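Okay, structure first, notes after.
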Amino acid sequence: MDYQLDLNWPEFIQRYWQKRPVVLKRGFKNFVDPISPDELAGLAMENEVDSRLVSHDEGKWQVAHGPFQSYDHLGENNWSLLVQAVDHWHAPSAALMRPFRFLPDWRTDDLMISFSVPGGGVGPHFDQYDVFIIQGTGRRRWRVGEKAELKQHCPHPDLLQVEPFDAIIDEEMEPGDILYIPPGFPHEGYSLESAINYSVGFRAPSGRELISGFADHVLSRELGSHRFSDPDVQPRENPAEILPSELEGIRQMMLNVIDQPGQFNQWFGEFISQSRHELDIAPPEPPYQPDEIYDALQQGDELTRLGGLRVVSIGEAVFINGEQLDSPHRAALTALANQLTLGQAQFGDALDDPSFLAQLAALVNSGYWYFGDEE
């Protein structure tokens, strides 16, 4: 299904993005759920899928992690089933991500879907990422507070909540309504009736993640082997002292490792194009030969990108799931990065180059792209 988002993006970015929470009433008109509660429950029974059940009874919170064998033990109130990265496993749900591509792909994380019975929710909390929560079937009440220093506590080892807060948004959401929440604003939602919610999340790496990721890159590439040198070592009154100029030299040496644009760009492309959740990779059996892909595209077949596959570009370089793809066919690479479905026209004369065709075959045989009728 093609979801049309009723949103003035430039105005939204200016007024709300990373600034203020807002309810977008009827953001999706005539909203139709892409998935049923039964299908969601089925996904949460799969080994590769990241899911959890959160329940509370008389103030006592419980969290169980999937895969689940059965749901027979659950009552009629006060529980939620949450499934991460549903866009990786369910193509109709992945379509909900497309209207948000006004925002850059590299900031996108995944689609989390929750099913809650009356009273179900995960309690008051805040997140470190931007999220658009789309209301599907049912009604849910959402409260959002002002960004403030709030005490956090763990009512369960797998659950981080915040103390009660005053609401600046207190709204019953109905199908097609969207709640946008920037990082750090406390919020809580609980169902008034059985309800499905779709959370389109946006990732923002922390300094810690970036330094850790870059350090891994330095180690694996054996970079940064230059050693500190001090041919004009300064005399000092106290031999134990490290001088400011020496500290600055060490700091500069570390910064020099980062300050190499070619290396830095390659690292960031590889780092940010890696998915944080498993992909539903199903390599074709038997593998395609390059000429079979050529013929299929000539006959009008289209290649569809695997749900959740992260593809980004930096300058003329394209990165796919942590690896850089090199080719002189820039237009074809740009199409691979930006188009979710690709036909002969998008590839142009790149298809006449055996080396590009071999690269494309390798991507298809990796399960990263598939012909539309195979899903």
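Computed from the coordinates by the stated procedures, all read-outs in this text should not be read as laboratory data. None of these values were measured; they are calculated from a predicted model. All Cβ positions, even for glycine, are placed from backbone atoms using ideal geometry, and neighbour counts span all protein chains on display.
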Pairs Lys25/Lys60; Lys25/Lys151; Lys29/Lys151; Lys19/Lys151: which are spaced more than 29 Å apart, C-alpha to C-alpha?
Lys25/Lys60; Lys25/Lys151; Lys29/Lys151
Mind sorting Arg305, Arg330 by how few other Cβ atoms lie within 10 Å of their own Cβ, fewest first?
Arg330, Arg305
For segment 307-375: rounded, prolate or oblate by the Cα gyration tensor [a/c cutoff 1.5]:
rounded
Go through segment 233-249 residue by residue and turn each phi into a ³J(HN,Hα) via Karplus (6.51, -1.76, 1.60, θ = phi - 60°); whole Hz please, and just put x for glycine and proline.
4, 7, x, 9, 5, 10, x, 6, 7, 9, 6, x, 5, 6, 4, 5, x
Cα-based shape type of segment 207-259, given that a ≥ b ≥ c are square roots of the gyration tensor eigenvalues and the cut on a/c is 1.5:
prolate
Neighbour-count order for Val22, Val311, fewest beta carbons within 10 angstrom listed first:
Val22, Val311
The chain: C-alpha gyration tensor shape, a/c 1.5 cut-off, then a/b vs b/c:
oblate
Amide H partners (placed H, <5 Å) of Ile169, local residues excluded:
Val144
Can you give the helix-only mean residue ellipticity at 222 nm for the chain, where every DSSP H stretch with n ≥ 4 adds -39500 (n - 2.57) and the sum goes over all residues, rounded to the nearest 500 deg cm²/dmol?
-7000 deg cm²/dmol
Of Met112, Met253, how do they rank once you tally other Cβ atoms within 10 Å and put the fewest first?
Met253, Met112
Report the full-extension gain for the segment His226 to Ile281: residue separation times 0.36 nm, less the Cα-Cα distance, to one decimal in nm.
15.7 nm
